[in-house]
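Reviewing the structure listed below.
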Amino acid sequence: MAVTDDAISKIKQRIQQGELRPGDRLPPEQELAERLGLSRSSMREAVKALEAMRILDVRRGDGTYVTSLQPSLLLEAMSFVLDFHESHAVLEVFEVRRIVEPASAALAARRATPEQVAAMREHLTAVHGETPSDELVEHDVAFHRMIAAATGNDYLVSLLETISSQTARARVWRALTQDNAVPRTLQEHERILDAIAAGDADVARAAMIVHIAGVEHWLHDAAERESEALAQADEA
């Protein structure tokens, strides 16, 4: 089990066992991490994931609380799961991304100006291994937008913007729950940009395929795990 998944599981167990109840305030981050035998970084990522699930409520300057855990609140956070379980719409969108974005990267390698390459390079330097997951996703979206803009094709920019908006929730979820998502994404972006800067369309295309396929494979695996969990619940 991934480190972040393990941290999420331990906090959820505390809630399920009644040690933490709706409205309760969690102990300080360092204290809770020590109690559960976790690092502060994995604890921090787990809290972010549980906040996205509407299980925890992080109040800046006040603390972290267990939410009301009302079904309507929890179901709201499951909407993205229902997206790909009911219609596989998100998976289909990622298939389109895997077709279109490598071509966008290749075209950018042929057309990007030195100024555009420099702007993308500066954008990458603002992200590092400790960048929070939500900021990583914003960086990811902006970086892909800059690549599309470098193609000089306004229609392609508009098309990719539409596609990107439909995969945002899945990308946030991956960033929150998958170990090493930040450094992995950053390394992949650097490979893509290096190829664009070198004017190597073939390498830019290949690097983008690897980047998109990584998210797509994670989404497939997540869908399969959810399906297996639902099947086991039905059998029980």
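The values are calculated or read from the model by the stated rules, or taken from the named source; none is laboratory data. Predicted, not measured: the structure shown is a model, and the values here were computed from it. For neighbour counting, all protein chains shown are included, and Cβ atoms are generated from backbone atoms with ideal geometry for every residue, glycine included.
A few comments on the model shown:
- Enumeration of residues in segment 1-44 that are among the charged types (D, E, K, R) and over 23 Å from the mean Cα position of the chain (by Cα): 14, 19, 21, 24, 25, 31, 34, 35
- Looking across segment 143-159, the residues that are more than 22 Å from the chain's Cα centre (by Cα), closer than 17 Å to residue 197 by Cβ and part of a helix (DSSP H, G or I) come down to 149, 150.
- Applying the set (1) part of a loop (DSSP other than H, G, I, E, B); (2) modelled with pLDDT of 75 or more; (3) touching a helix residue (DSSP H, G or I) at 6+ places or on another chain (Cβ under 6 Å) to residue 131 leaves exactly one unmet item: (2).
- Residues satisfying the stated conditions in segment 23-51, i.e. in contact with a strand residue (DSSP E or B) (Cβ under 7 Å, 6 or more places away or on another chain), outside any helix (DSSP H, G or I) and surrounded by 12 or more Cβ atoms within 10 Å (Cβ to Cβ): 24, 25, 26
- Condition check for residue 54: surrounded by fewer than 13 Cβ atoms within 10 Å (Cβ to Cβ) and either within 25 Å of the chain's Cα centre (by Cα) or of a type in the set (Asp, Glu) (or both): no
- Scope segment 139-156; condition of a type in the set (D, E, K, R) and buried (at least 19 other Cβ atoms within 10 Å of the Cβ); matching residues: 140
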